[in-house]
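J.: Let me begin by handing over the structure; questions about it come next.
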Amino acid sequence: QVQLVESGGGLVRAGGSLRLSCAASGSIFSINTMGWYRQAPGKQRELVATITRSGRTNYADSVKGRFTISRDNAKNTMYLQMSSLKPEDTAVYYCNADILPRSGGYSVNGWGQGTQVTVSS
């Protein structure tokens, strides 16, 4: 069984910074693409950024230039450095990953439980 656990959320003023982490644990052989998504109240979950195992990144237009996604493959951990935060960045941020288990077979797509980010104006 594989777990994804986010941390690092909190309350910050507009213009501030936060760093989110997502740690994967369990019977993992390797992790392919990882990503951050967010869901604001009353809205659908949306893509924030993704990163492949080789480090290729993709960002939503709304966060380009402000957020940086990275990962440490040795630690099975992904990060999201968020800067110049805006009130509209307020949401629950979720970690997502395509995980190949040690048991073999197909990769499994998993989600973390989410971490709240609140940006005050």
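The values are calculated or read from the model by the stated rules, or taken from the named source; none is laboratory data. Source: prediction; values computed, not measured. Cβ placement follows ideal geometry from the backbone for every residue including glycine, while neighbour counts extend to all protein chains displayed. Surface areas here come from the heavy atoms of the whole protein model, side chains and all, with no ligands, DNA or RNA. Shrake-Rupley method; radii C 1.70, N 1.55, O 1.52, S 1.80 Å.
J.: Using Cα positions and a limit of under 27 Å, work out the lysines in reach of residue 86, with same-chain residues fewer than 8 apart set aside.
T.: Cross-link targets: 43, 64.
J.: Less than 11 Å Cβ to Cβ from residue 52, Lys/Arg counted +1 and Asp/Glu -1: what total charge do the surrounding residues give?
T.: +2
J.: Regarding the chain, what is the average projected area of its C-alpha convex hull, in nm²?
T.: One quarter of the hull surface, i.e. the mean projection, equals 7.1 nm².
J.: Another question, if that's okay. Pull out a ≥ b ≥ c, the square roots of the eigenvalues of the alpha-carbon gyration tensor of segment 65-118, then state rounded if a/c is under 1.5, prolate if not and a/b is larger than b/c, and oblate in the remaining case.
T.: It comes out prolate by the Cα gyration axes.
J.: Quick check: at a probe of 1.4 Å, how many percent of the accessible area of the chain sits on carbon and sulfur atoms?
T.: 47
J.: Heavy-atom accessible area per residue, segment 12-66, 1.4 Å probe: how many Å²?
T.: Ligands and nucleic acids excluded, the result is 57 Å² per residue.
J.: A follow-up question, please. If you place +1 on the Cβ of every Lys and Arg, -1 on the Cβ of every Asp and Glu, and leave all else neutral, what size is the dipole of the chain about its Cα centre, to the nearest 20 Debye?
T.: Its charge dipole is roughly 160 debye.
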